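Accompanying notes for the structure given below.
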Amino acid sequence: MSALTGVGLGLRTPHMVPLAAPDAPSVPWLEIHSENFLCDGGPRLALLHAIAERTPISCHGVGLSLGSAEGLDKAHIARLKVLFARVKPALISEHLSWSVTGGVYLNDLLPFPYTQTTLDVFARNVSDAQDAFGRQMLVENPSLYLTFAGSTLSEPDFLGALVERTGCGLLLDINNVHVSAANTGCDATGYLRAIPAEAVGEIHLAGHSTGADGVLIDTHNTAVSAPVWTLYAEALRRTGPRPTLIEWDRDIPALDVLMREAATAQRILDTSIAERARVA
Amino acid sequence: MLPDDVTFARLQRDFGSALLSGGAPPPEVSATERFEIYRYTVQASLAEVLAAAFPVTQRIIGVSAFDALARDFIAAAPPNVPQLSAYGSGLPAFIAAGGLADVLPYLPDVARLEWARGESYFAADAPFLDIAKLATLPPSKMEAAVLVPHPATRLVPSRYPIHRIWTVNQPEITDVPRVDMSMAETVLITRRDSYVKLRLLLPGDAAFIAACFAGKTFGASAEAGLEKDSAFDLQAALQVHFLDGTFGE
């Protein structure tokens, strides 16, 4: 399903120099936020080229706005195509969210109601993007802080229908499942059971924090929490082994802290593979 | 219920404008207080992007004044491209048009300098003009040649001492000296070997480079330099510009 295996790291600018160095620690793969590398040239892009020469790259978008009712921005698709031609990503992904309205980019992964109408919009945009890129995309479940009165579909049903209609894959963010379940009062385990497990092409793990009224916030500024590790093991039982990513975007620690998180994830991944072998 | 695409588009427009203004979220939203999390993320993340692009401007006016400036700017001119390295090009003009420029008239130019520095960092890679190539031209051809800037080169002229202001407001400087505001300074920004360099140009050199970048011939540009400053040393200036990678091919 995917050219990637094992546990990768989200590539952040403070770690680019160490990861481009000749004595860089070995990481199975790295994921970039595509929109951070849309520049014409310069040192950041040069470092990415150096890293991409020996490490597979996944391009994770945050600005395509697949949920925009106004459709996709063709200029942005063109910019992404230039990046993809440069780094030849092993896989590409985006979010079940929107961030553009009236041509304004809101720099967040925003929620929307799950209905037949929004499914039509979202599926059309995913198909347009996949046609433009000439390849499959993975779509990631968001972290939600609120829901909409008009929603008629559950998120797993929405994602299931999306996969069926467009042939896209899913990027299952376990932390987002945990955060959304806590914030919207649904059951995380039930969520994992309801999504089409075979469509999952990648898994994300990250840390969150707790806000004033007990709301969980997807801050990506800390280690993966205990309930998320447990859910991860549960998810792997459903999906089978999947390339897994450690994301840490704020208060970014030293590389070896990330490597330790990755090692924890790798142990859980190895255990799930061993369990499968026993069952088989 | 949301009957059609138009309603969905309207919901997103209302949601978006409520995020940027202080307005109430659309009625379809379940938990109004949770809407604040999105509003906070959008505004704080964009303010952070601006602070990262304009660190000297922020240091001059202070963190809270910069945050207020950033929020005004975000509301007036939110990003129109999902590429954060491109967000903030309008901030210098926004500062120039606002009340801050009355108090700190040099601030728009300092912000311009910071933006030009960022542009240089992200500009396209391209070959530099080789000095040997220019030297092999017969004198008449050399006179008529037009030297073009490298894509990562920027020239920032000012009526204020922007190079000095920028230099004394770097993070490692804790004791900022007084700056003589009567000095006009022109800064040349270049990028070679992954490093963005700011160079204060002498008046003759500044006139020479400005003429080159305005499309004048090498001969006419050299004359412009000498006209500005009779002591303008063209040979010395060229040495520096070839080392810095000022010109492209």
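Bear in mind these aren't lab numbers, they're just calculated from the coordinates by the rules spelled out. Because the structure is predicted, anything quoted here is derived from the model rather than measured. All Cβ positions, glycine included, derive from the backbone under ideal geometry; neighbour counts span all protein chains shown.
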Find how many whole Å separate the alpha carbon centroid of the stretch A:22-70 from the alpha carbon centroid of the stretch B:186-249. 36
Measure nothing fancy, just the Cα-based angle from helix B:107-122's long axis to the longest principal axis of chain B, in degrees from 0 to 90, nearest 10. 80
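Please compute the length gained on full extension between residue B:10 and residue B:214, using 0.36 nm multiplied by the number of residues separating them and subtracting their Cα-Cα distance. Each step should come with its number before you reach the end.
On the way: separation 204, 0.36 × 204 = 73.44 nm, distance 4.67 nm.
Net length gain for the segment: 68.8 nm.
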Which is the longest stretch in chain A that no exposed loop site breaks, taking sites as trypsin sites (Lys or Arg not before Pro) with a DSSP loop state and at most 14 other Cβ atoms within 10 Å? A:136-249
Over the alpha carbons of the protein assembly as shown, what is the largest minus smallest coordinate on each principal axis, giving the biggest first in Å? 85, 50, 45
Of all DSSP beta bridges with both partners in the stretch A:7-279, the antiparallel percent, nearest 5, is 15
Checking the cross-link filter: which lysines have an alpha carbon closer than 22 Å to that of residue B:228, excluding same-chain neighbours under 8 positions apart? B:216
Taking the stretch A:33-140, how much of its Cα-Cα pair set, in percent, is spaced more than 24 angstrom apart? 24
Can you spot the aspartates and glutamates whose alpha carbon is less than 14 Å from residue B:133's alpha carbon? Ignore those fewer than 8 places along the same chain. B:143, B:249
Please list, in order along the stretch B:192-203, the HN-Hα scalar couplings obtained from phi with the Karplus expression 6.51 cos²θ - 1.76 cosθ + 1.60 (θ = phi - 60°), rounded to whole Hz, x for Gly and Pro. 9, 6, 6, 10, 8, 10, 9, 10, 7, 8, 5, x
Taking a virtual spin label 7 Å from the Cα of residue B:32 along the C-beta vector, which residues in the stretch A:140-164 bring their backbone nitrogen under 19 Å of it? A:145-150
I want the local charge near residue B:206. Using Cβ-Cβ distances under 11 Å, sum +1 for each Lys or Arg and -1 for each Asp or Glu among the other residues. -1
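Residue by residue through B:142-149, how many Cβ atoms from other chains fall within 10 Å of the Cβ on average? Could the numbers behind the result be given before it?
Numbers: counts 0, 0, 0, 0, 0, 0, 0, 0.
The per-residue average across the peptide is 0.
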Everything considered on the Cα gyration tensor (a ≥ b ≥ c; rounded for a/c under 1.5, else prolate if a/b is larger than b/c, else oblate), chain A must be described as rounded
Quickly work out the residue B:167-to-residue A:165 label distance, labels modelled 7 Å from Cα along the C-beta direction, and quote it in nm with one decimal. 6.1
Net charge within 13 Å of residue A:154 by Cβ-Cβ distance, Lys/Arg positive one each and Asp/Glu negative one each, not counting residue A:154 itself? -2
Regarding the stretch B:1-104, what are the three Cα extents along the principal axes, ordered largest first, in Å? 52, 26, 23
Packing rank of A:175-183, A:15-23, B:132-140, B:33-41, where each peptide gets the mean count of other beta carbons within 10 Å, highest leading: A:175-183, B:33-41, A:15-23, B:132-140
Residues in the stretch B:217-242 reached by a label modelled at residue B:143 [backbone nitrogen below 18 Å; 7 Å Cα→Cβ]: B:217-227, B:234-235
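In Å, the Kirkwood hydrodynamic radius of chain B over pairs of distinct alpha carbons?
Kirkwood radius, chain B: 20.9 Å.
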What shape does the stretch B:124-249 take by its C-alpha gyration tensor, where a ≥ b ≥ c are the square roots of the eigenvalues and a/c under 1.5 counts as rounded, a/b above b/c as prolate, and the rest as oblate? oblate
What value, in deg cm²/dmol to 500, does the helix sum -39500 (n - 2.57) over DSSP H runs of n ≥ 4 give at 222 nm once divided by the residues of the protein assembly as shown? -14500 deg cm²/dmol
Decide, for the stretch A:58-197, between rounded, prolate and oblate: order the square roots of the alpha carbon gyration tensor eigenvalues as a ≥ b ≥ c, take rounded if a/c falls under 1.5, and otherwise choose prolate if a/b is larger than b/c, else oblate. prolate
Around residue A:131: net Lys/Arg minus Asp/Glu count, Cβ-Cβ under 13 Å: +3
Using only the Cα atoms of the stretch B:59-148, what do you get for the radius of gyration and for Dmax, in Å? 19.7, 59
Taking every residue of A:39-48, the Cβ atoms of other protein chains inside 10 Å of its Cβ average out to 6
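How many Cβ atoms of partner chains, on average, are near each residue of A:70-76 if near means within 10 Å of its Cβ? Walk me through the numbers before you get to the answer.
Details: counts 5, 2, 0, 3, 0, 1, 3.
For peptide A:70-76, the averaged partner shielding equals 2.
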As straight-line cross-link partners of residue A:88, the qualifying lysines (C-alpha separation under 29 Å, not fewer than 8 residues apart within one chain) are A:74
Which of the trypsin sites (Lys or Arg not before Pro) found in the stretch B:143-214 are loop residues per DSSP with 15 or fewer other Cβ atoms within 10 Å of their Cβ? B:159, B:178
Label-point separation (nm) for residue B:176 and residue A:75, each offset 7 Å from Cα along Cα-to-Cβ? 3.5
How many nm separate the modelled label positions at residue A:230 and residue B:76, each set 7 Å beyond the Cα in the direction of the Cβ? 5.2
Give me the percent of DSSP beta bridges within the stretch A:132-280 that run antiparallel, rounded to the nearest 5. 15
